[in-house]
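The values are calculated or read from the model by the stated rules, or taken from the named source; none is laboratory data. Since the structure is predicted, the reported quantities are computational estimates derived from the model, not experimental observations. Methodologically, a virtual Cβ is constructed for each residue, glycine included, from the backbone with ideal geometry; neighbour enumeration extends over all protein chains shown. Surface areas here come from the heavy atoms of the whole protein model, side chains and all, with no ligands, DNA or RNA. Shrake-Rupley method; radii C 1.70, N 1.55, O 1.52, S 1.80 Å.
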Amino acid sequence: MIRCIIVGYGFLGRKLAKEIAAHKIQDLKLVGIASSKGYLYKESGFKPEDLPEKIAEAQGFKEAPAFELISRELADLLIELTPTNIENGEPGLSHIRQALEEGMDVVTANKGPIALAYEELTSLARERDAMLLYEATVGGGIPIISLQKRCLAADELLSIKGILNGTTNYILSRMHFEEMTFELALREAQMLGIAERDPTLDIEGIDTALKIVILANSLMNAGKKLNDVKIKGIRKITSEAIAAAKESGMTIKLIGIANEEELSVAPRLIKLGDPLCVHGTLNAINLNLRILGSLTIIGEGAGESTLSALINDVYEVVKARRISTSKNALNE
Ligand code: HSE
């Protein structure tokens, strides 16, 4: 039985905890959940009915940092879901570092640590023979990282281009189809819960830049940092600019690009018929490969769809560890 802990008990943490506690993945049990306030540990594993709404109000709550829970003695797999911090990746970065040092496998949706410390964390994982999976950091449920690594790794990836942020795509779509101003579309997105109360990271293009860095490093081995990305957000896009684009069968989208020459995020003109030109909260990612040519994949880039990426990464870890355990048993 593989023992996992979830650190970060927000929207995704709660949903994933329910899936695991309901035994949606065989041979996996959830033994710990942690929030910023403290944690709960149950060696026999949580059942769905044991899962509290708020950790701090549950019986057995321990007011202590998650670091206490991140130990190979207590668990085999860390699922790290604390919020993204673009300044220093914390506390997620230290959680992931500690788990890998302990030889634990890690699955995360946290963009900060993967964008800021990709090289360090992947080397550490290799050294300790641990798995580090982060599909959920980019494109919500779109399996872009697994797709390239499993199906396209022998081809040569020349460039990546994509709409990687649902919030800005929603705003630009409302400006295009409903002729709204930027401010009105943003306010609507906030009222619908699509945009955060502080949507700066989305609007200024930083969220897209983090995702472009993750894709460039993990799929192209680019060794890039957030500072290497030329970033321009959508705050200055006017209804007039969108109307002018519309008249010539185009629109404006926030596009992230990674290729040999550059990493960039900027609002760009795009033909309405382009496969990349998706609307609403959808994301679209285009890979250009030497042999295959152009491949575009489209899907929901945020919210509950991210659960699909997370649970698939968790399943990959369980599958790999199940196989290696049975191999060891055969060798004994
Ligand atoms: N704020 C992000 C978006 C969430 O709007 O796409 C997913 O990373």
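Selection over the range 99-146 of residues that are away from the ligand (no atom under 16 Å from the Cβ), part of a helix (DSSP H, G or I) and buried (at least 18 other Cβ atoms within 10 Å of the Cβ) gives a count of 6. Applying the criterion of being under 17 Å from the mean Cα position of the chain (by Cα) and hydroxyl-bearing (Ser, Thr, Tyr) to the residues of the range 77-98, the residue that is surrounded by the fewest Cβ atoms within 10 Å (Cβ to Cβ) is 84.
For the range 240-299, residues that are among the polar types (S, T, N, Q) and open to solvent by 60 Å² or more (accessible area, probe 1.4 Å) total 2. So, residue 274, is that one within 30 Å of residue 121 (Cα to Cα), out of contact with any Asp or Glu (no Cβ under 6 Å at 6 or more places or on another chain) and of a type in the set (D, E, K, R) or not? Here the answer is no, as residue 274 does not meet what is asked.
A residue that is buried (at least 19 other Cβ atoms within 10 Å of the Cβ), more than 10 Å from the ligand (Cβ to nearest atom), over 22 Å from the mean Cα position of the chain (by Cα) and in contact (Cβ under 8 Å) with a residue 60 or more places away in the chain cannot be found anywhere in the range 185-208. Within the range 291-326, the only residue that satisfies the criterion of being among the acidic types (Asp, Glu) and touching a Ser or Thr at 6+ places or on another chain (Cβ under 7 Å) is 300.
Residues of the range 21-37 that are assigned to a loop (DSSP other than H, G, I, E, B) and more than 16 Å from residue 81 (Cβ to Cβ): 22, 23, 24, 25, 26, 27. Selection of first residues in the range 45-59 that are surrounded by 10 or more Cβ atoms within 10 Å (Cβ to Cβ) and of second residues that are basic (Lys, Arg), restricted to Cβ pairs under 6 Å at least 6 apart or on distinct chains, gives the following pairs, ordered by first then second residue: 45/29; 48/18; 56/37. Within the range 213-235, the set of residues being touching a helix residue (DSSP H, G or I) at 6+ places or on another chain (Cβ under 8 Å) and of a type in the set (S, T, N, Q) comprises 217, 218. Filtered by the rule that a residue be crowded, with 21+ Cβ neighbours inside 10 Å, out of contact with any Leu (no Cβ under 6 Å at 6 or more places or on another chain) and part of a strand (DSSP E or B), the range 147-176 gives 161, 162, 163.
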